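To start, the structure itself, in structure tokens.
The values are calculated or read from the model by the stated rules, or taken from the named source; none is laboratory data. Keep in mind that this is a model prediction, so the values were computed, not measured. Here the Cβ positions follow ideal geometry from the backbone for every residue, glycine too, while neighbour counts run over all protein chains shown.
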């Protein structure tokens, strides 16, 4: 049974400011490949971190709203964990 989810993904854009659209497109395609129905993608923009975590001062925030099976969410988390452009990820059920 599909459920509604919302997720925040923070991209490491250090030295790659022009490639944000390509990164978002790549993540979206991978999510849709897992059977996810994307409802909305909001580019929240570049934001400075409160502290310099892992030698990174800022990140580009993306908000995904989608429908997915719980198993698909597990797969999404795994491939985002291995993606070098993803700094942080957080998902919650709506």
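Summary table below
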| quantity | calculated |
| --- | --- |
| Cβ-Cβ under 9 Å pairs, at least 6 apart or on other chains, the range 28-41 side at negative phi and exposed (fewer than 14 other Cβ atoms within 10 Å of the Cβ), far side at pLDDT below 95 and outside any helix (DSSP H, G or I) | 37/2 |
| Hey, residue 15 assigned to a loop (DSSP other than H, G, I, E, B), over 12 Å from the mean Cα position of the chain (by Cα) and either loosely packed, with under 13 Cβ neighbours inside 10 Å or at pLDDT 95 or above (or both) or not | yes |
| Residue match in the range 81-89 (condition: farther than 11 Å from residue 7 by Cα, part of a strand (DSSP E or B) and in contact (Cβ under 8 Å) with a residue 40 or more places away in the chain) | yes |
| Criterion violated by residue 64 - all others in (1) surrounded by 18 or more Cβ atoms within 10 Å (Cβ to Cβ); (2) not in a strand (DSSP E or B) satisfied | (2) |
| Tabulated pairs, the range 54-66, first more than 23 Å from residue 40 (Cα to Cα), second buried (at least 17 other Cβ atoms within 10 Å of the Cβ) and modelled with pLDDT of 90 or more, C-beta under 8 angstrom, 6+ apart or interchain | 54/87; 56/12; 56/87 |
| Meets criteria (surrounded by fewer than 13 Cβ atoms within 10 Å (Cβ to Cβ) and in contact (Cβ under 8 Å) with a residue 12 or more places away in the chain) for residue 94 | yes |
| Top-ranked residue of the range 42-61 - restricted to ones that are at positive phi and more than 13 Å from the chain's Cα centre (by Cα), ranked as surrounded by the fewest Cβ atoms within 10 Å (Cβ to Cβ) | 55 |
| Unmet criterion (only one of (1) closer than 13 Å to residue 10 by Cβ; (2) modelled with pLDDT of 90 or more; (3) surrounded by fewer than 11 Cβ atoms within 10 Å (Cβ to Cβ)) for residue 78 | (1) |
